[in-house]
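Worksheet: one structure, shown below.
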Amino acid sequence: MADNDYCLIEASRPPEADGPPYAECVLCREPTEYPESYKGMTLCPVCEWREAERTSCSG
């Protein structure tokens with residue numbers, strides 16, 4: 001069994017935008033680093049970090 005077999009969290013990220021317009025964070029409405037055209041849940045760096053802390057796998 002590999003070290004990461006126990007963690008089922010999908011860690012894929014949307015593509016980063018080359019410039020404005022940026023998508024807004026779905027939690028705090030701040031601009032993100034992702035393009036406005038991206039479909040899906042986008043988070044600003046602060047909310048992304050908090051979400052990662054909240055959902056991290058504990059060993």
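A short reminder: the numbers here are calculations on the coordinates, not readings from a lab. Because the structure is a prediction, the values reported are computed rather than measured. Don't worry about glycine lacking a Cβ; one is built from the backbone with ideal geometry, like all the others, and counts go over all protein chains shown.
Couple of notes before you dig in:
- Positive minus negative residues near Asp18 (Lys, Arg vs Asp, Glu; Cβ under 13 Å): -3
- Around Leu27: net Lys/Arg minus Asp/Glu count, Cβ-Cβ under 12 Å: -1
- Length released on extending from Glu24 to Lys39, taking residue separation times 0.36 nm less the Cα-Cα span: 4.2 nm
- Estimated vicinal HN-Hα couplings, Hz - the range 19-35 in sequence order (Karplus 6.51, -1.76, 1.60; Gly, Pro = x): x, x, x, 9, 5, 9, 5, 6, 9, 10, 6, 6, x, 9, 9, 9, x
- For Tyr34, the residues whose amide H sits under 5 Å from its own are Ala17, Ala23, ignoring neighbours fewer than 5 places away on the same chain, with H placed 1.01 Å from N.
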